[in-house]
1. Under the condition of being open to solvent by less than 10 Å² (accessible area, probe 1.4 Å) and in a loop (DSSP other than H, G, I, E, B), which residue from region 314-364 is nearest to the ligand (Cβ to nearest atom)?
2. Being more than 16 Å from the ligand (Cβ to nearest atom), in contact with a Ser or Thr (Cβ under 8 Å, 6 or more places away or on another chain) and either closer than 23 Å to residue 172 by Cβ or at pLDDT below 95 (or both): is that true of residue 49 here?
3. What are the residue pairs meeting all of these: first residue in region 29-46, first residue buried (at least 21 other Cβ atoms within 10 Å of the Cβ), second residue part of a loop (DSSP other than H, G, I, E, B) and at pLDDT 95 or above, Cβ atoms under 6 Å, and 6 or more apart or on different chains?
4. Among the residues of region 87-106, is any of a type in the set (Phe, Trp, Tyr), without any contact (Cβ under 8 Å) to a residue 60 or more places away in the chain and more than 16 Å from the ligand (Cβ to nearest atom)?
5. Determine, yes or no, whether residue 137 is farther than 27 Å from residue 292 by Cα and modelled with pLDDT of 95 or more.
6. Of the residues 149, 175, only one is outside any helix (DSSP H, G or I), among the hydroxyl-bearing types (Ser, Thr, Tyr), at pLDDT 95 or above and within 16 Å of the ligand (Cβ to nearest atom); which?
7. I'm trying to understand the selection: among the residues of region 260-284, which are farther than 14 Å from residue 236 by Cα, out of contact with any helix residue (DSSP H, G or I) (no Cβ under 8 Å at 6 or more places or on another chain) and open to solvent by 10 Å² or more (accessible area, probe 1.4 Å)?
8. Could you list, in sequence order, the residues of region 121-142 that are part of a helix (DSSP H, G or I) and either open to solvent by less than 60 Å² (accessible area, probe 1.4 Å) or of a type in the set (Val, Ile, Thr) (or both)?
Amino acid sequence: MVRVKVHGKKVSVKAKVKRKTARTTGPDYPRYLRGKDLITTQEWEKKDLDVVLRTANEMKKNRFRHPLSQSMYNKSFFMFFYNPSVRTRQSFEVAATELGGHALFLEPGGMRLKTARTAGETIEDAANVMSRYAAGIGIRILEDKITYYGEGDQLLRDYARWASIPVISMAHDKYHPCQGLSDIMALQNRLGDLKGKKALLVWGKGALARSWSSIQEFLLIASRFGMSINVASPEGYDLDPDVMKNVKKNCDGNSQELKITHDMKEGYDNVHVVYSRNWMTPQAYRNSEFHKQEEIDKSLQYQEWICDANKMKLTRNALFIHPMPVDRGNEVTDEVASGRNSVIYEIAENRLHVQKAVMALTMGDF
Ligand code: CP
């Protein structure tokens, strides 16, 4: 007991015992990632992507008792979905719950936000206000919700500029960082060190006219982790030249090859990983419009561009990957998509663990 003065009278109180903060055992989680936006993995250092992947693997093994499992306690994550989703919405909601927090599904149409075509609240005002309520903001905007390629990326960067909390891409026209991290997590767990392993990204015909977000993110992160890259497509399906410059830079930095071919069989030759996916042409956005049906009609002319068991025989018993939703019978046959080398469900599961790691490290308390 010690004697202290309260309102002029001396009273005895229990002395505050100075306790040493309990030493954290196990791996360290860097605090400098707190507050960081995630618009593409290309803008994060490789060592920090390694931390995310390590944490995601720990969380996968120790789903409910991980040291960071309450790091979002009492915190909220705002999710703006301009486009539909199965995996992203569900995995972010579950991720927030499993970290002790809460994710809110926000319909951008219900928020009177200003857009290129409509009057409304500015991003500056909305982002500043939201930063006073939530711990982070996720945004999905792509395909028919934009009028030119790059519009979605600009929107995310405008939110990131005005928000004082992290802005996370939940897939936009250019990038899909959580998808790319989930792809790499599955490939590392199946193939070990990815340096020198060869991945094929092959265009598939499709009835959905898919954006470039998942595939560009994959090319960036796979080349960053040392994979050599083949891209095979019919002529006229080039991707963003600035992104491809970075893919080439990543390949050069790891002494790996980037091969771009219009010969499908050459693409499949001896690869360890096959990623078959439809994507739109660079002419999909013209005159401030998304020409979806035109893209689908053009795409379906290339009937031979489907990943099937015969083409998979040209590979080194490759894994089949895809971000889903799969356009079965167009991008890939059922035999391959549901075959023993397909890891599509594992990748979809990884979305949960990767996003828990990203949220805990960028928004959590620990
Ligand atoms: N891969 C992916 O983002 O799936 P959803 O479109 O269902 O969210």
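1. Once the filter is applied, the top-ranked residue is 323.
2. Yes: the conditions hold for residue 49.
3. What qualifies is 37/166; 40/175.
4. Looking for residues that are of a type in the set (Phe, Trp, Tyr), without any contact (Cβ under 8 Å) to a residue 60 or more places away in the chain and more than 16 Å from the ligand (Cβ to nearest atom), one finds none in region 87-106, hence no.
5. Yes: the conditions hold for residue 137.
6. 175
7. Correct list: 266, 269, 270.
8. Within region 121-142, 123, 126, 127, 129, 130 meet the criteria.
The values are calculated or read from the model by the stated rules, or taken from the named source; none is laboratory data. A quick note: this is a predicted structure, and the numbers were derived from the prediction, not measured. Every residue, glycine among them, receives a Cβ derived from its backbone with ideal geometry; neighbour counts consider all protein chains shown. These accessible areas exclude ligands, DNA and RNA; they are computed on the full protein's heavy atoms, side chains included. Shrake-Rupley method; radii C 1.70, N 1.55, O 1.52, S 1.80 Å.
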